[in-house]
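The structure under discussion appears below in the form of structure tokens.
Where a number appears in this text, it was derived from the coordinates with a stated rule and is not lab data. Remember, predicted model here, so these are calculated numbers, not experimental data. Methodologically, a virtual Cβ is constructed for each residue, glycine included, from the backbone with ideal geometry; neighbour enumeration extends over all protein chains shown.
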Amino acid sequence: MTRRLLVIGNALAGTTDQASMDRAVEVLRTGAEVEVAMTGSLDELVEVVSGRADDAELVVVGGDGSMHALAQAIHQTGQDGAPPPVVGLIPLGTGNDFARAVNIPPDPAAAARIVLDGPLEEIDVIEDERAEIAVNVVHIGVGEEAARIAAPWKEALGRIRLGPVGYVIGGISAGIGQRGRYLEVIADDIPLADGRRRVLQVVVAVGTSVGGGTRLAPEAEPDDGKVEVIVSFAVAPLRRLRYALHLSRGEHTRLDDVVHAQAREVTVRGLRNEFGINADGELSDPVTERTWRVVPSAYRLHVPSRRGSTRVDGPPFPGRKG
């Protein structure tokens, strides 16, 4: 039986991305029947996903934002009881942090060969109470502020292929100015922060890194049915510096002012202040409370053979129409 692939690209991408996408499609056509759809909004993506043939695998061409949007579209168009959809990823984003977590290489042709030949691994996502999905990392505090500062720099520098430098600018600026927030953090009914101490950062993750490779949740596994939860209390200037240095090496969870846990549900409350949220690079307006839960086996992803294949018969994604 001929495999059918629906390749989804960004209609707003530049000519360089289009050339890379063409390279990937050329490889994919050596082993499958390929249809290409270009979308420029979530509504268009939902329409494409809902209208695909039942046996068509979804192949997203883009970065973390594209994976984020696809997972949201799958969630909005899914049917209870249906098997998790099969997904492939051709990473063309600035950071490609989710691709790092699952060891998918940045070369379009190599990634396309994984789509054709790689085993399937069931991947978890994070869902909040508004049914908003994250595929990699949700974070609050210094990282969210860094992303907000970095956004215009990332866009401007991206025009000359230096987008990742924007992350560096944002990280330095936020690290200097951040004073922390009074937050309560509850993970599976266990308090990790009680609101009496200021918190520098809260991380809820199924992926390992943000910002083009910063290992924010180095022990996260996207297929273990849990989220990694990290709470840093390093608000004093020297402790912020120490935290930053250890974070650069992926060793910050060992510090005495950092709490690290695994959970299936996490609630964060601002007791004296609101807080902004960064979910897969998408920045939200400040809120006073939010809850996230892990959704196991949301979709099946083609991964490199060395990652193996796990939980292939896991529960379906609890999707919905609308």
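Listing for the model above:
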read-out	value
Long-range HN-HN contacts of Ile277 with modeled amide H, under 5 Å	Ser284
Label-to-label distance, nm, for residues given as Ser50 and Asp189 (7 Å Cα→Cβ offset)	3.8 nm
Segment 98-131-segment 256-275 distance, computed between alpha-carbon centres (Å)	27 Å
Footprinting exposure proxy for His75, His260 (fewest neighbouring C-beta atoms within 10 Å first)	His260, His75
Order of Glu132, Glu228 - criterion: other Cβ atoms within 10 Å of each residue's Cβ, fewest first	Glu132, Glu228
Contour minus Cα-Cα distance for Asp224 and Arg197 (0.36 nm per residue)	6.6 nm
Cα→Cβ-extended label distance, 7 Å offset, between Glu289 and Leu12, nm	3.4 nm
Residue-wise HN-Hα coupling along segment 54-69, computed from phi with Karplus coefficients 6.51, -1.76, 1.60 (Hz; x: Gly, Pro)	4, 9, 7, 7, 9, 10, 9, 10, x, x, 4, x, 5, 5, 4, 5
Theoretical gain in end-to-end length, Ala110 to Glu265 [0.36 nm per residue, Cα-Cα removed]	52.2 nm
